[in-house]
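Trainee: Input: one structure, supplied below.
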Amino acid sequence: MKLRIDGRGAPLHGCLTPPGDKSISHRALILASLAGGRSRITGLLDSADVRATAEACRQLGATVRAEDDSVWVEGTGTAGLKPPSAPLDMGNSGTALRLLAGVLAAQPFASELIGDASLSRRPMRRIVEPLSRMGAHIETAEGGTAPLRITGNPKLKGIEYRPAVASAQIKSCVLLAGLYASGRTCVIEPQLSRDHTERMLPLFGTPVEEPCCVTGGGRLRAADVVVPADISSATFFLVGAAMLEGSDVLLRGVGLTPTRDGILHVLERMGAAVEHRETRRHGTETVADLRVAHAAGLRGIDVPEEWIPSLIDELPAIMALAAVAEGTTRIRGAAELRVKESDRIAVMARGLETLGVTVQEFDDGIDITGGPVTGGTVDGAGDHRCAMSFCMLAQRASGPVTVTGAHHIDTSYPDFVAHVQALGGTVEVLLAEADGHD
């Protein structure tokens, strides 16, 4: 997909509810499918990634049905999954593939997990290694990537695992395998990554013990899950409103778990004020309405490395904001960005340079010196977060900006273009189909 933004710098005004949280949506579908009984999920994200998870759950024997404002899941019970008749195609979703790998490693049948070209380049040894230690049998493609061919082993053993990087996908994969393993399975991270799995498991009847441990052999029971609006999706409008003069935006029902709110700390330190309204609980998550207005005098900062796990998905948007802030913003400890849907450090660096911004790349981060933003053509490289970040920055450009490689926006935010337009921003779809990328 190809997008065009005229760069006239119109303010963003109004209120909207961002789409449901993608991370929570994946987990809700998977745990509801493993539970006995009928679960109700409200606010589930309707996007390509989440639809891939729902279809995989159906292939494994669960019933997933949308009705009114909810999705109902009739689970199979922990021991009731059935062998899929074909490979499970996870599309562009690394979360879905890695989490389901943990479940499938413990089943009494063989299975295969596949994905699109982008997903098939992402590293999978990071989950194969701990699962193998538990007794799993998994074959990868050359280079340790998908497809994953799994020969299930119902006799997994619990382990204590200390991953080299803080990753909610690795942690959740191991914990889900641990539900089936004998004994206790613990994941001890160097820093705390997003903790939606740990929050949701007790809702389905499985306790999570300190520091982050599950005991195998239990049964999950059906639950009602409320999915809040995704703070990662809300970030594009938080950043857009902060950088565009005259803007004033209210974003409703945004999830604010402490393992995901790093973007709010960055905005505050850069000089943008985010007002919290009506903070409340939705199931296992805290949510609030967030109001942000234009911030004069945005300033570059050194983003603390300890914040990185809590804002890893928001870093492309932070890079866009840094491009218009006074001074230099420095990001380090973010090597994980190199192995996301794209090499996000490289993609953002190339795009920012095209738009006249001064950048310097490092193995684990980037320096961005703010200044005038020019027009031009930038490549989102088939990465939804990079493409949307460029779209917001382009609102400040001195001339028209074309964003190519934007077709994967529908993996997380199908209504993004419509929402930008509804708030008064400028974005036009020039080409709806894929434009030469994965």
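Trainee: How much length would be gained if the chain were fully extended between Gln360 and Arg58, taking 0.36 nm per residue of separation minus their Cα-Cα distance, in nm to one decimal?
Mentor: Length difference between fully extended and current span is 104.1 nm.
Trainee: Oh, and also: Please report, to one decimal in angstroms, the Kirkwood hydrodynamic radius of the chain built from all distinct Cα-Cα pairs.
Mentor: 21.8
Trainee: Still on this structure, please answer the following. Suppose a student asked you for the relative contact order of the chain, using Cα pairs under 8 Å spaced at least 6 residues apart; what percent would you report?
Mentor: Once divided by the residue count of the chain, the mean separation gives 20 percent.
Trainee: Determine, for each peptide in 51-61, 19-29, the mean count of other beta carbons within 10 angstrom over its residues, then list the peptides with the highest first.
Mentor: Details: 51-61: 21.7, 19-29: 27.9.
Top to bottom by mean Cβ count within 10 Å: 19-29, 51-61.
Trainee: Moving on to the next point. Taking +1 at the Cβ of each Lys and Arg and -1 at the Cβ of each Asp and Glu, which of His294, Leu431, His26 sits farthest along the dipole of the chain towards its positive end, judged by Cα position relative to the Cα centre?
Mentor: Going by the charge dipole, the pick is His26.
Trainee: On to the next question. On full extension of the chain, what length is gained from Val429 through Arg65, given 0.36 nm per residue of separation minus the C-alpha to C-alpha distance?
Mentor: 127.9 nm
Trainee: Could you work out how much longer the chain between Glu306 and Ser398 gets when fully extended? Use 0.36 nm per residue separation minus the Cα distance between them, nm to one decimal.
Mentor: 29.6 nm
Trainee: Additional query: Which FRET efficiency, nearest 0.05, do Glu210 and Ala117 yield, Cβ-Cβ r, R0 51 Å?
Mentor: FRET efficiency, Glu210 to Ala117: 0.80.
Trainee: In the neighborhood of Ala181, defined by Cβ-to-Cβ distances under 10 Å, what is the net charge if each Lys or Arg adds +1 and each Asp or Glu adds -1?
Mentor: Details: positive: Lys155, Lys157, Arg184; negative: none.
Local net charge: +3.
Trainee: Still on this structure: Rounded to two decimals, what is the ratio between the C-alpha radius of gyration of the range 22-226 and 2.2 N^0.38 Å?
Mentor: Dividing the Cα Rg of the range 22-226 by 2.2 N^0.38 Å gives 0.92.
Trainee: Further, regarding this structure: For Gln191 paired with Asp6, estimate the spin-label separation in nm (one decimal), with each label point 7 Å from Cα along the Cα-to-Cβ line.
Mentor: 4.2
Trainee: Also, I was wondering about something else. Taking 45 Å as R0, compute the FRET efficiency from the Cβ-Cβ separation of Lys157 and Asp46 and round it to 0.05.
Mentor: On the way: r = 38 Å, r/R0 = 0.85.
That gives a FRET efficiency of 0.70.
Trainee: What percent antiparallel are the DSSP beta bridges of the chain, to the nearest 5?
Mentor: Details: 53 of 74 bridges.
Of those bridges, close to 70 percent are antiparallel.
Trainee: A further question on this structure: With n ≥ 4 as the cut-off for DSSP H runs, can you work out [θ] at 222 nm for the chain, using -39500 (n - 2.57) per run divided by the number of residues, rounded to the nearest 500?
Mentor: On the way: 12 runs with 123 residues, N = 438.
My calculation for the chain gives -8500 deg cm²/dmol from helical runs alone.
Trainee: Where the only charges are on Cβ atoms (+1 Lys, Arg; -1 Asp, Glu), what is the dipole of the chain about its Cα centre, to the nearest 20 debye?
Mentor: Dipole size: approximately 1160 debye.
Trainee: Calculate the spin-label point distance for Ala164 paired with Ser85, positioning each point 7 Å from the Cα along the beta-carbon direction, and give it in nanometres.
Mentor: For Ser85 paired with Ala164, the spin-label model returns 4.2 nm.
Trainee: If you add up the charges near Met270, with Lys and Arg at +1 and Asp and Glu at -1, over every other residue whose beta carbon is less than 13 angstrom from its beta carbon, what do you get?
Mentor: Surrounding charge for Met270 is -1.
Bear in mind that the values in this text are calculations on the coordinates, not laboratory data. All of these numbers come straight from a predicted model, not from anything done at the bench. Note: ideal-geometry Cβ built from the backbone for every residue, glycine included; neighbour counts use all protein chains shown.
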